[in-house]
Amino acid sequence: MVDGTGCEGEVASMDIFYTKLKTVDNRVIVIPNGTLSNSNLINNTKQDSRLIDLKIGIAYDSDIQKVKETMLGVAKKEHMTQDENIQVFVSDLADSSVIMGLRAWVSTEVYVSTKWSLLEHIKDAFDREGIEIPYNKLDVNVTEIKGTDREQATV
């Protein structure tokens with residue numbers, strides 16, 4: 001990944017003026033080497049393992065211990081490289097949710113598929129356990145204005 005450009009892919013070729021990246025959806029991005037020499041490069045595949053770092057919001061009235069056990073149970077069924085190093089924790093207390101964090105190491109080869117699988121299985125497990133994932137809601141209150149025929153209603 002070329003930091004600041006949004007360009008990400010596998011190096012397909014390099015010449016004196018340009019570097020070509022092949023993207024996951026089979027496009028070719030041509031980047032001037034001057035851009036590369038003045039940018040940060042992020043190599044997502046150099047190391048054998050990568051850290052999955054998820055953040056998932058739960059309702060404030062959720063049982064945090066139950067949530068932690070549920071997330072940990074799901075994570076242990078995935079392709080983690082070091083089960084003992086799976087961390088589930090309260091990451092933040094946000095406006096409308098408690099943000100839970102999950103960190104776990106996984107083989108670089110299966111990073112993306114494992115992340116997608118974790119998210120899907122955590123959502124399924126939360127549904128089974130009755131753990132709410134809040135979303136933005138808007139309450140609108142209409143009140144009667146004296147001297148008019150408007151009625152009070154709550155939407």
Taking +1 at the Cβ of each Lys and Arg and -1 at the Cβ of each Asp and Glu, which of Tyr60, Val24, Val88 sits farthest along the dipole of the stretch 23-100 towards its positive end, judged by Cα position relative to the Cα centre?
Val24
Cleavage-rule hits, GluC sites (Glu not before Pro), the stretch 46-140, DSSP coil, Cβ neighbours within 10 Å at most 16:
Glu132
Longest exposed-loop-site-free stretch of the chain, with trypsin sites (Lys or Arg not before Pro), DSSP loop and at most 13 other Cβ within 10 Å?
78-136
Mean ellipticity per residue at 222 nm, deg cm²/dmol - from DSSP H runs of n ≥ 4 across the chain, formula -39500 (n - 2.57):
-7500 deg cm²/dmol
To test your reading of the geometry: what angle, between 0 and 90 degrees and rounded to tens, separates the Cα axis of helix 64-76 from the longest principal axis of the chain?
30 degrees
Longer than 26 Å from Cα to Cα, which of Lys76/Lys137; Lys22/Lys46; Lys66/Lys123; Lys77/Lys137; Lys55/Lys76; Lys22/Lys76 are they? Say none if no pair is.
Lys76/Lys137; Lys77/Lys137; Lys22/Lys76
How far is helix 111-129 tilted off the main Cα axis of the chain, in degrees rounded to 10, range 0 to 90?
20 degrees
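Values quoted throughout were computed directly from the atomic coordinates according to the rules given, and no laboratory measurement underlies them. Everything numeric in this text was worked out from a predicted model, so none of it was measured. Positions of Cβ are backbone-derived with ideal geometry, glycine not excepted, and every protein chain shown enters the neighbour counts.
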